[in-house]
Ligand code: ADP
């Protein structure tokens with residue numbers, strides 16, 4: 001206990017003062033003596049003594065009034081009153097004033113040290129309690145500052161009337177409030193959930209993934225799926241000084257529409273393919289039935305070209321349908337560099353015809369990928385095919401294939417017309433063609449949608465970087481370990 005605490009003695013010069021000075025120094029305290037009231041006040045202010053022993057009369061003044069004044073300014077400072085002799089009146093006054101101890105003759109060294117130590121211990125306890133209390137009140141004030149009870153009720157009333165599901169979380173991802181829609185969505189009924197950790201209350205893997213992954217991203221959209229088929233679109237928005245809000249909208253009907261549309265496209269494409277094969281077959285038979293004149297041959301050629309074009313389109317649509325419904329489950333070890341070489345071989349004729357400068361960089365240490373080889377070929381064909389198709393004569397196409405942190409990176413760069421920045425995301429949508437796509441370049445707008453579906457089904461990512469008039473670069477990242 002505070003051996004180096006400073007004890008300030010405010011006593012008239014006397015044997016008692018000497019005794020106290022010796023006793024307390026011997027007990028290991030620092031001791032200072034005030035000669036008059038102004039010295040006492042100065043030392044109390046500046047030297048911050050741990051305790052004062054004050055004479056009943058000090059420097060011609062009344063000890064009790066000096067003590068009262070000192071306590072006014074330093075209410076937690078322990079003061080022991082020394083009385084020349086013990087009277088019950090003096091003891092009562094000391095008690096009433098809130099002094100921490102009372103000494104009177106005859107005095108032994110032990111009495112002095114004992115009284116000082118007791119007073120200090122009490123003061124210390126009081127100090128600890130005060131500190132704790134201050135901390136508690138400030139922290140509850142901080143909580144209140146974040147979201148006060150009245151604010152909470154107001155907010156709850158607003159949020160209750162919103163048709164979207166709303167969850168407000170604090171910074172520790174504990175629930176501050178949820179609205180009724182959320183209670184309905186997660187079947188929470190009347191459960192008391194405020195203040196609980198979100199993951200303890202709502203057991204939905206998609207939602208928990210959104211919350212745990214969202215700390216570093218400012219705003220994120222995410223689909224929340226339920227076993228009964230419902231699908232919600234969820235957004236996570238950080239709220240400064242509060243935590244975060246998650247809003248959820250039911251998009252089950254949109255998903256259902258999307259599914260119906262895909263089913264429709266799939267059925268129509270399927271039903272169209274057979275008659276088209278028949279049309280193609282008959283156009284080939286016509287040639288065998290007798291000699292055709294030059295015009296007839298030309299018309300037949302155009303007919304066949306048209307039918308082949310529609311068949312290719314339908315095959316793309318059927319492919320997309322299969323990919324989107326998750327049928328792509330075939331997995332083999334694929335060496336991407338081999339697939340890339342085959343693909344480049346296929347475009348060799350066109351590359352030469354357009355006098356395109358082709359640059360190829362392949363990492364000698366390529367690792368195999370567990371993938372569907374047909375789909376990987378399709379993806380590479382589409383990207384290389386686009387680069388060659390959109391690059392003007394004498395342009396340049398570069399294909400890079402390398403490993404980075406167990407991921408395969410495939411990048412195709414070209415010096416084509418580029419894609420306007422606001423369309424970078426849209427070009428992966430079905431049937432979308434960039435507004436600056438050259439008129440003389442044919443296309444259906446399905447190639448990149450197929451690329452995206454293939455990359456998605458292999459847990460990869462694809463994106464484009466492009467500047468109009470300069471060229472485009474498509475990058476695909478595929479993890480080698482699924
Ligand atoms: P398309 O059959 O029209 O080429 P894609 O789905 O492959 O369809 O591409 C979608 C659109 O993206 C294209 O119509 C084109 O506008 C743009 N695009 C794709 N690749 C390139 C490229 N390498 N350079 C410029 N534009 C491109």
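If you stretched the chain out fully between residue 335 and residue 124, how much longer would it get, using 0.36 nm times the residue separation minus the C-alpha to C-alpha distance?
Taking 0.36 nm per residue and subtracting the Cα distance, the gain is 68.5 nm.
I need the shape label for the stretch 48-128. Rule: rounded when a/c is under 1.5, else prolate if a/b > b/c, else oblate, with a, b, c from the alpha carbon gyration tensor.
Judged from the Cα gyration tensor, the stretch 48-128 comes out oblate (a/c at least 1.5, b/c at or above a/b).
Using Cβ counts within 10 Å as a stand-in for footprinting exposure, how do 104, 342 rank, fewest first? Intermediate values should be presented prior to the final figure.
Details: 104 17, 342 11.
So the residues, fewest neighbours to most, are 342, 104.
How big is the Cα convex hull of the stretch 330-427 in projection, averaged over all directions, in nm²?
Projected over every direction and averaged, the Cα hull of the stretch 330-427 covers 6.9 nm².
Over the stretch 145-285, what is the relative contact order in percent, taking alpha-carbon pairs closer than 8 angstrom and at least six residues apart?
Relative CO of the stretch 145-285 lands at 20 percent.
Full extension from residue 257 to residue 15: what is 0.36 nm times the residue separation minus their Cα-Cα distance, to one decimal in nm?
Difference between extended and current length: 77.0 nm.
Name the shape class, rounded, prolate or oblate, that the alpha-carbon gyration tensor gives for the stretch 14-66, where a ≥ b ≥ c are the square roots of its eigenvalues, rounded holds for a/c under 1.5, and otherwise prolate holds if a/b is larger than b/c and oblate otherwise. Mind showing how you got there, number by number?
Details: a/c = 2.23, a/b = 1.27, b/c = 1.76.
Oblate, because a/c is 1.5 or more while a/b does not exceed b/c.
With a cut-off of 8 Å between alpha carbons and a minimum separation of six or more residues, what is the relative contact order of the stretch 1-156 in percent? Please list the in-between numbers first.
Numbers: 187 pairs, mean separation 30.7, N = 156.
Reported as a whole number, the value is 20 percent.
Taking a temperature of 37 °C and a viscosity of 0.692 mPa s, what whole-number D in µm²/s does Stokes-Einstein yield for the stretch 1-116 with Rh from Kirkwood over alpha carbon pairs? Spell out each step's value before the answer.
Working: Rh = 13.9 Å.
Using the Kirkwood radius from Cα pairs, D works out to 235 µm²/s.
Return a whole-number percent for the relative contact order of the stretch 353-482, with Cα pairs under 8 Å and 6 or more residues apart as the contact set.
Computed over the stretch 353-482, the figure is 29 percent.
What shape does the stretch 269-350 have by the C-alpha gyration tensor, where a ≥ b ≥ c are the square roots of the eigenvalues, rounded means a/c under 1.5, and otherwise prolate means a/b greater than b/c and oblate the rest?
Cα axes put the stretch 269-350 in the oblate bin.
Based only on Cα atoms, what Rg/Rh ratio does the stretch 158-270 have, Rh being taken as Kirkwood's radius?
On the way: Rg = 16.0 Å, Rh = 15.1 Å.
Answer for the stretch 158-270: 1.06.
Taking 7 Å along the Cα-to-C-beta vector as the label spot, tell me the residue 150-residue 298 distance in nanometres, rounded to one decimal.
It is 8.8 nm.
With Kirkwood's inverse mean 1/r over C-alpha pairs for Rh, give me the Rg to Rh ratio of the stretch 302-379, two decimals please.
With Rg and the Kirkwood Rh in hand, the quotient comes to 1.06.
Using only the Cα atoms of the chain, each taken as one equal point scatterer with no solvent, compute I(q) by the Debye sum, divide by I(0), and report log10 of the ratio at q = 0.09, 0.14 Å⁻¹.
-0.81, -1.26
If r is the Cβ-Cβ distance from residue 25 to residue 97 and R0 is 25 Å, what FRET efficiency results, to the nearest 0.05?
Numbers: r = 28 Å, r/R0 = 1.11.
Taking R0 as 25 Å, the efficiency between residue 25 and residue 97 is 0.35.
Can you give the FRET efficiency for residue 309 and residue 233, using 1/(1 + (r/R0)^6), R0 = 35 Å, r = Cβ-Cβ distance, to the nearest 0.05?
So, using R0 = 35 Å, E works out to roughly 0.40.
Going 7 Å from the Cα of residue 60 along its beta-carbon direction, which residues of the stretch 13-45 have the amide nitrogen within less than 15 Å of the resulting point?
13, 35-39
Mind checking the angle between helix 294-324 and the chain's longest principal axis? C-alpha axes, 0 to 90 degrees, to the nearest 10.
Its long axis makes an angle of about 30 degrees.
Testing the spin-label approximation: label points 7 Å from Cα along Cα→Cβ at residue 223 and residue 367. State their distance in nm.
Going from the residue 223 label point to the residue 367 one covers 2.9 nm.
Summing -39500 (n - 2.57) over the DSSP H runs of n ≥ 4 in the chain and dividing by its residue number, what mean residue ellipticity at 222 nm do you reach, to the nearest 500 deg cm²/dmol?
After summing the helix terms and dividing by residue count, I get -15500 deg cm²/dmol.
Taking the Cβ-Cβ separation of residue 41 and residue 191 as r and a Förster radius of 60 Å, what is the calculated FRET efficiency to the nearest 0.05? Spell out each step's value before the answer.
Values: r = 62 Å, r/R0 = 1.03.
That gives a FRET efficiency of 0.45.
So between residue 4 and residue 422, what do we pick up on full extension, going 0.36 nm a residue minus the alpha carbon distance?
Full extension of this stretch gives 143.2 nm more.
Evaluated at 10 °C with a viscosity of 1.306 mPa s, what Stokes-Einstein diffusion coefficient in µm²/s does the stretch 169-209 have when Rh comes from the Kirkwood expression over alpha-carbon pairs?
Once the numbers are plugged in, D ends up at 152 µm²/s.
The numbers here are math on the coordinates, done by the rules we state, and not lab data. A quick note: this is a predicted structure, and the numbers were derived from the prediction, not measured. Heads up, the Cβs are rebuilt from the backbone with ideal geometry, glycines too, and the neighbour counts pull from every protein chain shown.
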